[in-house]
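Read the structure below first, then the notes.
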Amino acid sequence: MSIISEIEKRRTFGIVSHPDAGKTTLTEKLLLFGGAIQIAGAVKSNKIKRGATSDFMEIERQRGISVATSVMAFDYRNKKINILDTPGHKDFAEDTYRTLTAVDSVIVVIDVAKGVEAQTERLVEVCRMRNTPIIVFINKLDREGLDGFDLLDEVEQKLKLRVTPLSWPIGMGQRFKGVYNRYEKKLNLFSPHGKQTSDDLIEFTDLSNPDLEKYVDEGPAKELREEVHLIEEVYPEFNKQEYLDGKLSPVFFGSAINNFGVKELLDCFVEIAPTPLARDTEERTVEPTEDKFSGFIFKIHANMDPKHRDRIAFLRICSGKFERNTNYLHVRNKKKIKFSNPTAFMAEKKSVVDEAYPGDIVGLYDSGNFKIGDSLTEGEVLNFKGVPSFSPEQFRYVNNADPLKSKQLAKGIDQLMDEGVAQLFTRQLNNRKIIGTVGALQFDVIQYRLKHEYGASCTYDQLNLHKACWIHTEDKALMKEFLDKRKRDMAIDKDGKPVFLAESAWMLKMAQENFPEMEFHFKSEF
Ligand code: G4P
């Protein structure tokens, strides 16, 4: 098969949600449709249950599983679909953000009762920065929740997405009758516990047709007509190009646990979702259809068990064909390197792959060669853009607790930062090292790994900061003035770039007002 037809088949996406909205359940239903798993509950074990005795030990136990669920591939309607896991809960880390740089589109899952929640807001912000096409799935319609229009308002305001509902619920909770699929002009009637049959899908092009009352009662039928009429007046018509440009998000309603509305979502997804996209590098734009292979590392998964030090680096293939046992250039190290056991993931299964195509994710066993963002090519020097560091939200000073092991500590911290576990800043005022993370649990992970993998001990001092912003200006005098005035609040990141440490949102606002010409960035790449 030609490389072009391989590319056309691929859809690589991530599911974004706040914990408990139904991401795992939806993933599982999608995998069931694709035949990648046979029983419900297969993906469930990846979930880190709240209330576990020690979240950290639980995470350690789960790490093996989460490697397996990092990528879940399945075939559906002659398409090869790769779902990339975006871990949530307490193991929410920069990893999650960075995974979004390796997808071509996302599905956002929202709980109908809870509406838009914090973690979703942060993840969608990253998608918006890259104009990633987004489909929204509003889940748990079998429960009482917010009014459909209020939810759409919330999605527009909090997620800053322009939306258009492609399906619309008929009632909700106890009164939930099903959805009207505006996209396919079909009524989909609900019966709980996934007993949907194809008879439940009814062609219905004209809602004014009195036959509607045959299927739903008079009250809900009237409500549906009025609401769909309103939708047609208020919301833009669906336009695939606008969706692909990240400017319009279709919205679906359903109930993942009841397998209701999931097939419609998947059918629409395979029809509209983008094939692997071109990627920017510092040197040029790389088209997926190019003959020569290229790709980048977006995630590194280290084994916390000291007996098995292997790390797995996750490679997103951007162009050409990747082949096993072939020499590729590791651009940063300027060295040729080949892989004898590149691994592909098929839901629960792992297998060695001989070849992979743009959009695919391959796991590479690594003994410490890779850093996040590294490129592999057939020889050309390419540095992929769009794998930035994001401003951490939790900060602590790190102290060496064992003076005899300072070298080990420095090495350990260096390597963990390369893996993207957290970020290291050096404060200029006192030369102290600051570790910044997205989720608080990462501090425990770092401490544990430093001890078990490097024999080093560290302690932390609390540091209350709001954000770390990368500052930039071409005006050297302005930069000097800023650095002089804000000496107290300045640090450098691991690449020596100046970073402003804002103690509060107010401090940040003041700095922005006092230096209107200065650029403040919340990610390291701008
Ligand atoms: P997550 O991965 O986003 O964290 O969510 P997950 O799929 O684990 O779902 C969270 C909870 O919501 C689960 O219940 C799940 O069964 C439930 N759920 C998912 N989809 C629906 C739906 O459409 N309707 C209803 N009513 N519930 C739904 P749990 O009690 O936490 O777990 P479990 O005991 O069912 O496994």
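Overview of results
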{"item": "Conditions (1) under 15 Å from the mean Cα position of the chain (by Cα); (2) in a helix (DSSP H, G or I); (3) not basic (Lys, Arg): number failed by VAL136", "result": "(2)"}
{"item": "Helices (runs of 4 or more DSSP H) contained in the range 372-485 and holding at least 3 residues in contact (Cβ under 8 Å) with a residue 60 or more places away in the chain", "result": "406-419, 441-454"}
{"item": "Residue list for the range 158-183, filter: among the polar types (S, T, N, Q) and more than 27 Å from the chain's Cα centre (by Cα)", "result": "GLN174, ASN181"}
{"item": "Filter result for the condition that a residue is within 16 Å of the ligand (Cβ to nearest atom) and either crowded, with 21+ Cβ neighbours inside 10 Å or modelled with pLDDT of 65 or more (or both), over VAL43, VAL71", "result": "VAL43"}
{"item": "Qualifying positions in the range 502-517 - within 19 Å of HIS472 (Cβ to Cβ) and part of a loop (DSSP other than H, G, I, E, B)", "result": "PHE515, PRO516, GLU517"}
{"item": "Some residue of the range 389-409 being closer than 23 Å to ARG284 by Cα and of a type outside the set (D, E, K, R)", "result": "yes"}
{"item": "Every pair of residues 6+ apart whose Cβ atoms lie under 7 Å, when the first sits in the range 133-151 and is in contact (Cβ under 8 Å) with a residue 40 or more places away in the chain and of a type in the set (Phe, Trp, Tyr) while the second is within 14 Å of the ligand (Cβ to nearest atom) and part of a loop (DSSP other than H, G, I, E, B)", "result": "PHE137/GLY254"}
{"item": "Top-ranked residue of the range 241-264 - restricted to ones that are buried (at least 23 other Cβ atoms within 10 Å of the Cβ) and of a type in the set (A, V, I, L, M, F, W, C), ranked as nearest to the ligand (Cβ to nearest atom)", "result": "ALA256"}
{"item": "Test: residue in the range 13-33 that is away from the ligand (no atom under 14 Å from the Cβ), assigned to a strand (DSSP E or B) and at pLDDT 85 or above", "result": "yes"}
{"item": "Filtered residues of the range 414-472 (kept if among the hydroxyl-bearing types (Ser, Thr, Tyr) and closer than 20 Å to THR99 by Cα)", "result": "THR437"}
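The values are calculated or read from the model by the stated rules, or taken from the named source; none is laboratory data. Owing to the predicted nature of the structure, the values given are computational and were not obtained by experimental measurement. Cβ sites come from the backbone with ideal geometry, for glycine too, and all protein chains shown count toward neighbours.
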